[in-house]
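Everything on this sheet refers to the single structure shown next.
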Amino acid sequence: MSTAQKLYEAGLITYMRTDSVTISNEAKSSIVQKIESKYGEDYVNLRDYKNKNKSAQEAHEAVRPTDINIEEITSDYDQQRLYHLIWKRTISSQMSDAQIERTVVNIKSDSYNEFFVARGEVIKFDGFLRVYNEGTDDEIEEEKGVLPALSINENLNLLSISSRESFSRPPSRFTEASLVKKLEELGIGRPATYATTISTIQNRGYIAKGVNEGLDRNYNLIEFSKNGIKESQLKEKTGSNKGKLVPTDIGMIVNDFLVDNFNNILDYGFTAEVEKNFDKIATGDQDWTDIIKQFYSDFHENVNEVKDNAERQSGEKILGSDPNSGRVVKVRLGKFGPIAQIGTIDEEEKPIFASLTKDQQLDTISLEEALELFKFPKEIGSHKGETVTVNNWKIWTLH
């Protein structure tokens, strides 16, 4: 959003905090002229779009270049990329549909009822795709989906066939873009608040960008040809959350606390209804004092009740016992972040603590992983009469 803000301040795009899909008639006229001069009249198809989001305010025009004739800008890399994205989406929105011929071939076997399927497609008229295909080798791209000439009931000779093992995948974690889309579907928030909402929960440490590259997983590949059957085992990455939004330990603890004590406020329907009331206040159809009174009386009572009765949440989880001392091993949220702990404050011997690493979480860490944290600091030798120790502070040593 900060990159879009810079483009807006430079006068290159219209106001970007908008939920509108409408383009002014004056802008459409300029877009049509650009399409005709650059691609030809066959590529023009004027369109009017309607917003699918019922709660959309549409107070501003859709995001577009202020001058469609400016295709390139002199700026930093991020601004250039974003401007190109906006320019292409704007001009393609008023272009003709692409015409694609798709072919599906069902190949039956004499021995089995099951059949194999081959799909191919050829672009007969590129339409709006012309904007996105510029700068690529179109012929090579088209050849990838071309099937050979075939006729119905033609006998085919099998040259080779392969079967790859696949696994079901859980729903993917949110990115900033997919989270905004979900908020729009639920009617929560407005274009002007999406960016600040996501940055706020990041700044408070409730979510973080994932860094886990994932783990290697084996999968089987079976290939059949005239030379026989070949079986092989290959590897793929699974479980990566790199670049995705991942809830932190403190985020999950705060969320559980709020759900337990303020469930009505966290309800999607409640939040969407409040947004609608705000819209009514903005249009003068509702008095803001009535809305606030209606909400605050119950909310204030709820807050006081929670303050008097709720217990402090630390996400404490007992993992087992330390095999050396027999003392309990647990993890919890400490003052400075998630920690592992051996022993309790009730024992004569004081408990010892170790911080969890960045890729460890309270709900997934195992007893073995927690015990590994207590192996540091470790003496690894001496230097000039001084003891050299290594700690789990990245790769540092101390002497």
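Readers should treat all values here as calculations from the given coordinates under stated rules, not as data from a laboratory. Owing to the predicted nature of the structure, the values given are computational and were not obtained by experimental measurement. Virtual Cβ from ideal backbone geometry, glycine too; neighbours counted across all protein chains shown.
Loop-located GluC sites (Glu not before Pro) in the stretch 299-352 (DSSP state other than H, G, I, E, B) with a sparse environment of at most 12 neighbouring Cβ atoms within 10 Å: GLU311, GLU316, GLU347, GLU348, GLU349.
Please work out whether the stretch 317-398 counts as rounded, prolate or oblate from its C-alpha gyration tensor, where a ≥ b ≥ c are the square roots of the eigenvalues and a/c under 1.5 means rounded, while otherwise a/b larger than b/c means prolate and anything else oblate? Prolate. Exceedance of the 23 Å cut-off in Cα-Cα distance is limited, within the set LYS52/LYS209; LYS307/LYS335; LYS6/LYS52; LYS6/LYS88, to LYS52/LYS209; LYS6/LYS52.
Placing +1 on the Cβ of every Lys and Arg and -1 on the Cβ of every Asp and Glu, with no other charges, gives the chain a dipole of roughly 600 debye about its Cα centre. Expressed to the nearest 5 percent, the antiparallel share of DSSP beta bridges inside the chain is 100 percent.
When P(r) over Cα pairs in 20 Å bins from 0, in percent is computed from the coordinates, the matching label among (1) 16, 36, 35, 13, 0; (2) 28, 56, 15, 0; (3) 23, 42, 25, 9, 0 is (1).
Largest GNM mean-square fluctuation among ILE207, ILE345, ILE198, using the chain with Cα springs under 10 Å: ILE345.
Applying both filters, DSSP loop and at most 16 other Cβ atoms within 10 Å, to the chymotrypsin sites (Phe, Trp or Tyr not before Pro) of the stretch 293-387 gives PHE336.
For the stretch 261-358, the list of trypsin sites (Lys or Arg not before Pro) that fall in a loop by DSSP and count at most 14 other C-beta atoms within 10 angstrom reads ARG312, LYS335, LYS358.
For the stretch 125-132, the Karplus equation 6.51 cos²θ - 1.76 cosθ + 1.60, evaluated at θ = phi - 60°, returns couplings of 9, 6, x, 5, 5, 4, 5, 8 Hz by residue, with Gly and Pro reported as x. Placing unit charges on the Cβ atoms of the charged side chains and taking the dipole of the chain about its Cα centre, the candidate lying farthest along the positive direction among VAL63, VAL21, ILE250 is ILE250. Whole-Hz Karplus values for the stretch 363-369 come out as 7, 10, 5, 9, 4, 4, 5 Hz, taken residue by residue from phi with 6.51 cos²θ - 1.76 cosθ + 1.60 and θ = phi - 60°; glycine and proline positions read x.
Considering only C-alpha atoms, what is the centroid distance from the stretch 296-342 to the stretch 225-286, in Å? Taking the Cα centre of the stretch 225-286 as reference, the centre of the stretch 296-342 is 24 Å away. Helix-only arithmetic for the chain: the sum of -39500 (n - 2.57) across DSSP H runs with n ≥ 4, divided by the residue total, places the mean residue ellipticity at 222 nm at -10000 deg cm²/dmol. For PHE125, the residues whose amide H sits under 5 Å from its own are GLN99, ignoring neighbours fewer than 5 places away on the same chain, with H placed 1.01 Å from N. Taken one residue at a time, the phi angles of the stretch 271-277 give Karplus couplings (6.51, -1.76, 1.60, θ = phi - 60°) of 4, 5, 5, 4, 4, 5, 5 Hz. Gly and Pro are set to x. Looking at the square roots a ≥ b ≥ c of the eigenvalues of the Cα gyration tensor of the stretch 2-92, which shape do they give, rounded for a/c under 1.5, prolate if a/b is larger than b/c, or oblate? Because a/c hits 1.5 or more and a/b fails to exceed b/c, the stretch 2-92 counts as oblate.
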